[in-house]
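Okay, structure first, notes after.
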Amino acid sequence: MEMKKTLSENWVVQSLEDALTVWNDKLTEIWQLVTQSPQFFRGGAIWQMVVNIHRTLQAIGYALLVLFFWWGLSKPAAALPRQKGRNTPCGCLSVSPLPKGSSPMGWS
């Protein structure tokens, strides 16, 4: 009484088919993750965090750019020789010192 087993009833073949089914399911899931846009990955929360970090770093970069630009302009301006009295291009820029005991606002 020998029963003939079909190929689908063999446990080895069934195990291989199950393993290949799991493999195909995982590959499909991986392919969906790889081809998904970052804006929609996990509801977009991670992408929004990346955008916020980028904006913060951009603001810091602009602030440093302005700071170093100002510093680059002020350093040569500070090195210019100080001119006193009538040596200024315009005589109206000369400043005369106040006499002793007087205040600039005219108070005694």
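Going by the conditions given, is V34 surrounded by 10 or more Cβ atoms within 10 Å (Cβ to Cβ), modelled with pLDDT under 95 and of a type in the set (A, V, I, L, M)? No.
One line per residue, one yes/no per condition, for (1) exposed (fewer than 10 other Cβ atoms within 10 Å of the Cβ); (2) modelled with pLDDT under 85; (3) touching a Lys or Arg at 6+ places or on another chain (Cβ under 9 Å):
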| position | (1), (2), (3) |
| --- | --- |
| E29 | no, no, no |
| W47 | no, no, no |
| A59 | no, no, no |
| R82 | yes, yes, no |
| C90 | yes, yes, no |
| S94 | no, yes, yes |
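The values are calculated or read from the model by the stated rules, or taken from the named source; none is laboratory data. Predicted model, so just to flag it, every value in this text is computed and none were measured. Because the Cβ atoms are built from the backbone with ideal geometry, glycine has one as well, and the counts that use them run over all protein chains shown.
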